[in-house]
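Presented below is the structure to which this report refers.
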Amino acid sequence: MATTSQSSEDVRDHMSPKEVAAAFYATYNGDLAVGFERYIAKDLVLHGFDGPNQRDVWIDGDVELTKSLSNYRMEVYDQFAEGDKVVTRWGFSGIHTGTILGIPASGREVRLTGISIDRVVDGQSVEHWSDGNFGRFLQEISGETPAGGRAAPVQHE
């Protein structure tokens with residue numbers, strides 16, 4: 001008897017670049033390690049907040065981040081695709097209850113917003129650019145800014 005089930009790799013290969021990016025960002029609210037494995041190429045070219053970086057550094061940092069924030073929540077505000085590139089405007093928030101980048105828990109509510117561009121080929125991001133308010137985020141977790149002193153991201157309809 002023939003089976004019609006497809007592997008997750010087969011399904012991913014038939015997803016549009018925007019569907020791949022949406023599925024990846026959704027894993028920030030679930031199993032992020034699986035999201036990286038499934039949707040981010042092993043030979044990814046990464047242009048991170050601090051310039052070109054390595055895939056493993058990105059994975060380790062983001063997994064640490066999600067584990068260090070209670071009530072962590074990632075939101076995608078906008079997502080646009082043209083050709084093989086997908087632009088995602090995102091934000092996440094949570095309560096800083098674990099060590100992040102060597103900074104001990106502050107108990108503060110923190111937020112990071114940014115914009116990322118992924119170039120998606122054969123169901124995986126092969127190149128990733130990201131920019132955001134990381135400096136402000138570091139100030140928030142280290143207690144250098146007043147609580148509640150940040151503006152919420154602008155929502156467009």
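Read the figures in this text as sums done on the coordinates, not as results from a lab. Bear in mind that the values here come from a model prediction, so they are computed numbers and not experimental data.
In straight-distance terms, cross-link reach from residue 18 covers every one of the aspartates and glutamates whose alpha-carbon lies under 17 Å from its own, apart from those fewer than eight places away in the same chain; here that gives 9, 10, 75, 78, 82, 84, 118, 122, 127. The lysines whose alpha-carbon is closer than 25 Å to the alpha-carbon of residue 67, local same-chain residues fewer than 8 away aside, are 42.
What number, in nm² with one decimal, is the all-direction average of the projected area of the convex hull of the alpha-carbon atoms of the stretch 14-142?
Values: hull surface 28.1 nm².
Seen from a random direction, the Cα hull of the stretch 14-142 projects 7.0 nm² on average.
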